[in-house]
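Quick note: the coordinates plus some simple rules give every number you see, no bench work behind them. Computed from a predicted structure; not experimentally measured. No Cβ is skipped: glycine too gets one built from the backbone with ideal geometry, and neighbour counts run over all protein chains shown.
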Amino acid sequence: MQGNTMIKLESVTKVYELGRGATVIAAKDVSLEIGAGEFVAIVGRSGSGKTTVLNLAAGLTRPTAGRVTLDGIDLWRLTDKEQSRLRNQKIGFVFQFPSLLPTLTVLENVILPTTFGPRESRAAARARAADLLERIGLSDKINVYPRQLSAGQQQRVVIARSLINKPELLLADEPTSNLDEKTEMEIVGLFRELHATLGVTVVLVTHTRQLVSAGMRAIEMAEGRVAAPQLAIGGVPENGSRPVEYAKNGLSATVAGQSELSY
Ligand SMILES: Nc1ncnc2c1ncn2[C@@H]1O[C@H](COP(=O)(O)OP(=O)(O)OP(=O)(O)O)[C@@H](O)[C@H]1O
Ligand SMILES: [Mg+2]
């Protein structure tokens, strides 16, 4: 539902112990909110903490300090079982490299996650999978095997698979990084279309600024911190910081605290 907060990180820090007393601070005092129904990009250099933030939001990484809530639920107050049930119900994941099972057809790969969810007829799951594959333009590839698809097509199948359990939240970690520029743009276009038509909240991690287009909020990570731009939910200014513009690349965003929003 629009207006609710889907993801909330409150002063979250993640420290990895590397042994012999060495540590890495992968996320440092990160506070952010992502509203239900939003399409948000997480940008930043390699090693800046983007994947860490995504994993924290999904409850895949336990914070060293701070609080993570998903749709109002404090993730680390749940048991392991409750947490994975919540994840399975609410979140679809798309990772950097297509991860389809080679011995299953496209359709079988897409319906695979339904076998872990609540009981439903196989026919219903197949019908939903066929519908998703049609939406993403692969209805003619339903019965082929992943090796018979291009990398971009495989990634589209992964996107269909991530949506099969009707998640409210789609988390995508650099889903286009091994694709050529044109295919990359097509995949991002597909995310935008799915966001618009299904109303799913999308958080897309990307290295590529050009991918972030107008109307999309971007959260920039730098050295484990939320650097800029971080627009307050609802566009309410919080402080007097200056806007960060990527207008040249099609992204225009504003640091919290700027009353003029350039979307
Ligand atoms: N499991 C881990 N153990 C130790 N250090 C880790 C672990 N995961 C991440 N880090 C460190 O935390 C920092 C942030 O990593 P993260 O993977 O979040 O970066 P990223 O922004 O996603 O980078 P990339 O764009 O290269 O994927 C890095 O310095 C990384 O080396
Ligand atoms: Mg990463």
Inset, instruction - At 7 Å along the Cα-to-beta-carbon direction for both residue 96 and residue 178, put a label point, then send me their distance in nm to one decimal. - result: 1.0 nm
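Using 1/(1 + (r/R0)^6) with R0 = 35 angstrom and r between the beta carbons of residue 197 and residue 82, what's the FRET efficiency to the nearest 0.05?
On the way: r = 31 Å, r/R0 = 0.87.
That gives a FRET efficiency of 0.70.
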Legend entry - Contour minus Cα-Cα distance for residue 166 and residue 20 (0.36 nm per residue): 48.1 nm
Legend entry - Spin-label model distance (nm) - residue 121 vs residue 147, 7 Å beyond Cα toward Cβ: 3.5 nm
Legend entry - Given 8/50; 28/90; 50/166; 14/50; 8/28; 50/141, the pairs whose alpha carbons are separated by over 22 Å: 28/90; 50/166; 50/141
Legend entry - Inter-part distance where the range 126-200 and the range 1-66 are each reduced to a Cα centre, Å: 25 Å
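How about the range 79-165: which trypsin sites (Lys or Arg not before Pro) there are in a DSSP loop, with at most 13 other Cβ atoms within 10 Å of their Cβ?
Values: sites: 81, 85, 87, 90, 119, 122, 126, 128, 135, 141, 147, 156, 161; in loops: 119.
Here the trypsin sites (Lys or Arg not before Pro) that fit, given the DSSP loop and packing criteria, are 119.
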